[in-house]
Amino acid sequence: MHFKGFQGRIQSMKHFLIFGNHPRIALAEYRIVTHAEQKPILVDYGAIEENQEWDGNGLMDRLAGTVKLGDIVNSIPSRDIRTETFADIIQSFPRGSNIAFGFTVLGGTEKERRSLLHIPIALKQVLKDRGIRCRWVTSKDGKPLTPAAVAKLNLTTDGYDFVVLADRAHVHIGLTTHVQNADAWSERDYGRPVRDETAGMLPPKLARILVNLADIRPGQTVLDPFCGNGTVLMEAALATQAARIIGTDIDAKQTASSTQNIEWLITRGILSRSDQKRIEHATADARFLSKRFAEGSLDRIVTEGSLGPPLKGSEDERALNIVRKNIEELWTETLRELHPLLSSDGKLIMVWPSFRTAKGSAAAELSSDTLAKLGYDLIHPLEGWENRPRPLLYHREGQKIARRILVLRKRTI
């Protein structure tokens, strides 16, 4: 089952989100998907949402950058926090007489965190005195449980996964209700039949984030002009009600690979045959797409674009700058070509790579003035939620390439 709109129980109370490895990107994604106007309370790599209508099932299915969701079941002054507070919560939400619980603390001072982390040990004795057998489960390294572990232990249904967010003078106690389906994400990444790591692999989670940042509406037409193995197409089909999802690539081998991966999703039951009818492929150069599409026919363009040739790690700054220049020239030509093809309220989501090796660094970038001349305004998804606009950077430890995510809006020249 996949998400194509908010469905299910809508609740009105405080809730929390726990973001993954890129909290700012996850926050931007959440803002676009929910159309939130008011910034949530941020606590470390978590957030407390007070004013949004809430569909936990829909959000967890849709969001890629958020790994946990839950309900805030108590908010109290820090000075009033007691072990008994947690025991009372467990008894208010009975789930048997032999239970397991997880315990994560976010925010607060180091002293406050140390104090809160003593609670799980004391809680076991308090519950024992109340006739409840329990065990506190942690990861092997003593860190908070991963979402996958929470799911495996059934802590959202048969136990309790406490998330404690210390914000200034208050402590917000949450119970996890939803965790990210790690198996589903992994299957779409590593289980698909065609994976060409030499051409650069766009992770499904990042592809979903790009799709979500595009704010695709039902009935719209979406294009990935550098579709590669089809990851963006796959995530757009899963997460949106776009009428047409089109993938083009200059390399016929890539469009064939994308077609094969989409067919695999259908045979696995992840996508339906009706979804397949929405997806189209063509071999074409992104710099000459006006030969294929009419003016104003594209509502959203979502793509990673070119990251350049695979890096060996020995490239010096001169070599990296050659790659950078080639990418900037490619994007200048492509953006000029795509502008008339976008509808009047069209948006374009793209990635600019930056490179770092032991011998040098370089970053592909077009200035705001250049973008304006090409017909685009640069949008900052967290504008108004941050003191100053900063780039959205996606980077994994040990990688030579970092990705800067950009949201562009068509302007009338």
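What is the residue count in segment 210-256 for residues that are of a type in the set (Ser, Thr, Tyr) and surrounded by 23 or more Cβ atoms within 10 Å (Cβ to Cβ)?
Of the residues in that region, 3 qualify.
Listed residues 295, 337; which is of a type in the set (D, E, K, R), surrounded by fewer than 20 Cβ atoms within 10 Å (Cβ to Cβ), in contact with a Lys or Arg (Cβ under 8 Å, 6 or more places away or on another chain) and touching a residue at least 24 places away in the same chain (Cβ under 8 Å)?
Working: 295 fails: in contact with a Lys or Arg (Cβ under 8 Å, 6 or more places away or on another chain).
One residue alone meets the criteria, 337.
Would you mind stating whether residue 160 is within 30 Å of residue 259 (Cα to Cα) and either at pLDDT below 95 or not assigned by TED's automatic domain parsing to the domain that holds residue 303 (or both)?
It is false that residue 160 is within 30 Å of residue 259 (Cα to Cα) and either at pLDDT below 95 or not assigned by TED's automatic domain parsing to the domain that holds residue 303 (or both).
Take residue 206 and tell me if it is modelled with pLDDT of 95 or more, among the hydrophobic types (A, V, I, L, M, F, W, C) and either under 28 Å from residue 354 (Cα atoms) or part of a helix (DSSP H, G or I) (or both).
In short, yes.
Within segment 112-150, take every residue that is under 13 Å from residue 164 (Cβ atoms) and assigned to a loop (DSSP other than H, G, I, E, B) and give me the one that is nearest to the chain's Cα centre (by Cα).
My answer is 144.
Being more than 18 Å from residue 375 (Cα to Cα), more than 23 Å from the chain's Cα centre (by Cα) and either in a loop (DSSP other than H, G, I, E, B) or at pLDDT 95 or above (or both) is the filter here, so list the residues in segment 270-292 that pass it.
272, 277, 278, 280, 281, 282, 283, 284, 285, 291, 292
Inspect segment 146-153 for any residue being crowded, with 22+ Cβ neighbours inside 10 Å and either in contact with a helix residue (DSSP H, G or I) (Cβ under 6 Å, 6 or more places away or on another chain) or free of Cβ contacts under 8 Å to residues at least 60 places away in the same chain (or both) and give the result as yes or no.
no
Read through the list (1) at positive phi; (2) of a type outside the set (A, V, I, L, M); (3) at pLDDT 95 or above; (4) under 27 Å from the mean Cα position of the chain (by Cα), then give the number of the only condition that residue 375 fails.
(4)
The values are calculated or read from the model by the stated rules, or taken from the named source; none is laboratory data. Given the structure is predicted, the values throughout are model-derived calculations rather than measurements. We place every Cβ from the backbone using ideal geometry, glycine too, and count neighbours over all the protein chains shown.
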